[in-house]
Amino acid sequence: MAVICAVNNTFGESHSYVITNLNKKNITLPKEFHVSPFYDMKGNYEFDFQKNNFVKINYYFDKKLQLTTSINGENIYWNDFNLFKIFVRHPFYTIFVILFIHYQAIKLFFKKNKYFPKP
């Protein structure tokens with residue numbers, strides 16, 4: 001069994017982190033992808049799988065915690081009916097996520113966070 005953590009950025013790019021050692025609760029992997037202009041390309045992600053259906057991801061740079069994110073969900077069978085049901089229940093979820101990301105970016109901009117251009 002494995003977990004695939006797909007990371008996307010605002011430039012339309014994506015990178016997948018494939019985690020196969022699920023016996024370990026905390027797994028640290030090097031950051032290999034430019035995600036945000038407010039964070040450097042360097043650093044590590046720590047994936048925390050301590051609870052079922054819940055993943056916490058910490059981003060560290062110079063051994064200092066920079067960002068904490070999390071996602072949770074429920075187990076469902078992957079079929080057409082369930083995918084349709086999700087779409088009907090959450091039709092504007094993608095729009096909400098995009099708006100929330102831009103809201104957070106505006107907050108970081110006004111805090112005068114350092115800007116890291118895309119390499």
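Summarised as an ellipsoid, region 48-88 has semi-axes of 32, 11, 7 Å, derived from the eigenvalues of the Cα gyration tensor scaled by 5 and square-rooted, with the largest first. Loop-resident GluC sites (Glu not before Pro) (DSSP state other than H, G, I, E or B) in region 1-71 with no more than 13 further Cβ atoms inside 10 Å of their Cβ: Glu13, Glu32.
Its residue count N sets the reference 2.2 N^0.38 Å, and the alpha-carbon radius of gyration of the chain equals 1.19 times that reference.
Near Val35, once Lys and Arg are set to +1 and Asp and Glu to -1 for all other residues with Cβ below 13 Å from its Cβ, the sum equals 0.
Evaluated with a Cβ-only charge set (Lys, Arg +1; Asp, Glu -1), region 3-110 carries a dipole of roughly 300 debye about its Cα centre, given to the nearest 20. In order along region 76-85, the Karplus-derived 3J(HN,Hα) couplings, from 6.51 cos²θ - 1.76 cosθ + 1.60 at θ = phi - 60°, round to 9, 6, 8, 8, 4, 5, 5, 5, 5, 4 Hz, and Gly and Pro are given as x.
Assuming a viscosity of 1.002 mPa s and a temperature of 20 °C, what translational diffusion coefficient in µm² per second does Stokes-Einstein assign to region 9-49, Rh being the Kirkwood radius over Cα pairs? Estimated via Stokes-Einstein, D reaches 185 µm²/s.
Estimated from the Cβ-Cβ distance and a Förster radius of 25 angstrom, the FRET efficiency linking His90 and Thr69 is about 0.85.
Among the chymotrypsin sites (Phe, Trp or Tyr not before Pro) found in region 75-119, those both in a DSSP coil and sparsely packed, with 12 or fewer other Cβ atoms within 10 Å of their Cβ, are Tyr77, Trp78, Phe92, Tyr115. Loop-located chymotrypsin sites (Phe, Trp or Tyr not before Pro) in region 1-67 (DSSP state not H, G, I, E or B) with no more than 11 neighbouring Cβ atoms inside 10 Å: Phe11.
Of the residues Asn113, Phe92, Asn75, the one whose Cα sits farthest towards the positive end of the charge dipole of the chain is Asn113 (charges of +1 on Lys and Arg Cβ, -1 on Asp and Glu Cβ, taken about the Cα centre).
Measuring between alpha carbons in the structure, the pairs from Lys31/Lys111; Lys31/Lys56; Lys51/Lys85; Lys42/Lys63 lying more than 19 angstrom apart are Lys31/Lys111; Lys51/Lys85. For a Förster distance of 22 Å, can you work out the FRET efficiency between the beta-carbons of Val97 and Glu46, rounded to the nearest 0.05? It comes to 0.45.
Taken together, the values in this text are just the output of simple stated rules run on the coordinates, not laboratory data. Just so you know, these numbers come straight off a predicted model, no measurement behind them. Using ideal geometry, Cβ is built from the backbone for each residue, glycine included, and neighbour counts are taken over all protein chains shown.
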